[in-house]
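*Asks:* First, the structure itself, so that you have it in front of you.
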Amino acid sequence: MAGNSIREQILLAVVTALRPAATNLGATLHRSPTVAITREQCPALVVFPESESITERANDRVTRELTLRITALARAVPPAAPETQADALLTAAHAVLMADVNLNGLALGIKEIECEWDVEDADAVAAAIPARYRITYRTLAADLATPG
């Protein structure tokens, strides 16, 4: 049985690293949920792999860029501010990611790309703050599970 790709190892490392930060702030952590996060699951941090591109090929090495979206979700009933809680979650997640930009040797680096804000007034005010990160890593051209 082949081992996990470096991409999957990176995703697992990110989720593992974020779990204590989420837990410490009373949040749940989810990877690529297929259904919406419920009010009961909030506050929450959600990790979505969005895309991957190849940036360079040199001999038998391939440099790849994995784009992740990490979204902090919070809900509150006014006058509470869910965006303040979501911001605290995203701040904690960002600190965790930037504390080890090489993800224990799996990655060449992590760069923050962008951040957005989305506040909606449904039955309770909901705030979502998605931030995107680009993780650069290298594999062998013929083996996604071997670092390059």
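The values are calculated or read from the model by the stated rules, or taken from the named source; none is laboratory data. Remember, predicted model here, so these are calculated numbers, not experimental data. Every residue, glycine as well, gets a Cβ built from its backbone with ideal geometry; the counts of neighbours run over all protein chains shown. When the accessible area is computed, the model is the full protein with side chains, heavy atoms only, and any ligands, DNA or RNA have been set aside. Shrake-Rupley method; radii C 1.70, N 1.55, O 1.52, S 1.80 Å.
*Asks:* Cβ-Cβ below 8 Å, separation at least six or inter-chain, first residue in the range 88-108 and over 13 Å from residue 68 (Cβ atoms) and charged (D, E, K, R), second at pLDDT 95 or above and open to solvent by 30 Å² or more (accessible area, probe 1.4 Å): which pairs?
*Replies:* These pairs meet every condition: 100/17.
*Asks:* Which residue out of 55, 67, 63 is exposed (fewer than 15 other Cβ atoms within 10 Å of the Cβ), assigned to a strand (DSSP E or B) and in contact (Cβ under 8 Å) with a residue 12 or more places away in the chain?
*Replies:* On the way: 67 fails: exposed (fewer than 15 other Cβ atoms within 10 Å of the Cβ); 63 fails: exposed (fewer than 15 other Cβ atoms within 10 Å of the Cβ).
From the options 55, 67, 63, the qualifying one is 55.
*Asks:* If I filter the range 12-46 down to residues being at pLDDT 90 or above and small (Gly, Ala, Ser), which single residue comes out as nearest to residue 72 (Cα to Cα)?
*Replies:* Among those residues, the one meeting the criterion is 44.
*Asks:* Restricting attention to the range 96-112, which residues are assigned to a helix (DSSP H, G or I) and surrounded by fewer than 12 Cβ atoms within 10 Å (Cβ to Cβ)?
*Replies:* 99
*Asks:* Turning to a different aspect of this structure: With the structure loaded, tell me whether residue 36 is surrounded by fewer than 14 Cβ atoms within 10 Å (Cβ to Cβ) and assigned to a loop (DSSP other than H, G, I, E, B) or whether it fails that test.
*Replies:* Yes.
*Asks:* State all residues of the range 70-95 that are surrounded by fewer than 17 Cβ atoms within 10 Å (Cβ to Cβ) and more than 22 Å from residue 125 (Cα to Cα); if no residue qualifies, say none.
*Replies:* Matches in the range 70-95: 95 only.
*Asks:* Still on this structure, I have one more. When you check residue 18 against the structure, is it part of a strand (DSSP E or B) and either among the aliphatic types (A, V, I, L, M) or touching a Pro at 6+ places or on another chain (Cβ under 8 Å) (or both), yes or no?
*Replies:* Answer is no for this residue.
*Asks:* I would also like to ask the following. Sort through 56, 40 and tell me the only one that's under 27 Å from residue 137 (Cβ atoms) and of a type in the set (Asp, Glu).
*Replies:* On the way: 40 fails: under 27 Å from residue 137 (Cβ atoms).
Among 56, 40, only 56 is under 27 Å from residue 137 (Cβ atoms) and of a type in the set (Asp, Glu).
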